[in-house]
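Asks: Here it is, the structure in full.
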Amino acid sequence: MRILAIDYGQKRTGIAVTDEMQIIASGLITIPSETAITWLTEYFTNERVEKVLIGEPKQMNNEPSQSAPIIAAFIEKFKATFPNMPIALVDERFTSKMAFQTMIDSGLKKKQRQNKALVDEIAATIMLQDYLSRK
């Protein structure tokens with residue numbers, strides 16, 4: 001069964017998933033945030049998912065970030081829609097910066113690095129890979 005990671009944002013949501021053996025994390029898709037629950041409903045119908053990781057935004061001092069209420073509202077909606085799906089909140093503080101650096105390191109041109117959807121998807125992948133390496 002797979003583990004799914006969600007980097008939920010005000011506009012876009014990056015999603016990453018493991019393989020069935022939970023060894024490799026791969027970016028899956030970036031979707032408009034307002035479609036997240038609908039997209040997940042369809043995905044869960046077609047794929048076996050054991051757990052969902054949701055990025056928890058924090059500031060450097062460990063206080064909740066300004067996007068925390070948006071994430072909290074999404075989590076409530078998620079729990080109401082998928083009451084039997086286990087979730088884990090994971091620190092996502094550096095994932096966007098790491099995603100951007102990953103894009104630079106892999107030789108993507110400046111125009112490609114400005115693709116915020118790709119940044120979100122890579123951030124979700126980094127979050128998931130970090131979780132797998134600590135598991």
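Asks: Please determine, by comparing only the residues of the stretch 115-135 that are charged (D, E, K, R) and in a helix (DSSP H, G or I), which one is surrounded by the fewest Cβ atoms within 10 Å (Cβ to Cβ).
Replies: Arg134
Asks: Of all the residues that make up the stretch 1-31, how many are over 13 Å from the mean Cα position of the chain (by Cα) and either in a strand (DSSP E or B) or crowded, with 23+ Cβ neighbours inside 10 Å (or both)?
Replies: Count: 1.
Asks: What are the pairs, 6+ residues apart or on separate chains, where a residue within the stretch 97-111 that is over 15 Å from Gly27 (Cα atoms) has its Cβ under 8 Å from a residue that is at pLDDT below 70 and not β-branched (Val, Ile, Thr)?
Replies: Ile104/Arg113
The values are calculated or read from the model by the stated rules, or taken from the named source; none is laboratory data. Being a predicted model, the structure only gives us computed values, none of them experimental. Here Cβ is always computed from backbone atoms with ideal geometry, including for glycine, and neighbour counts include all displayed protein chains.
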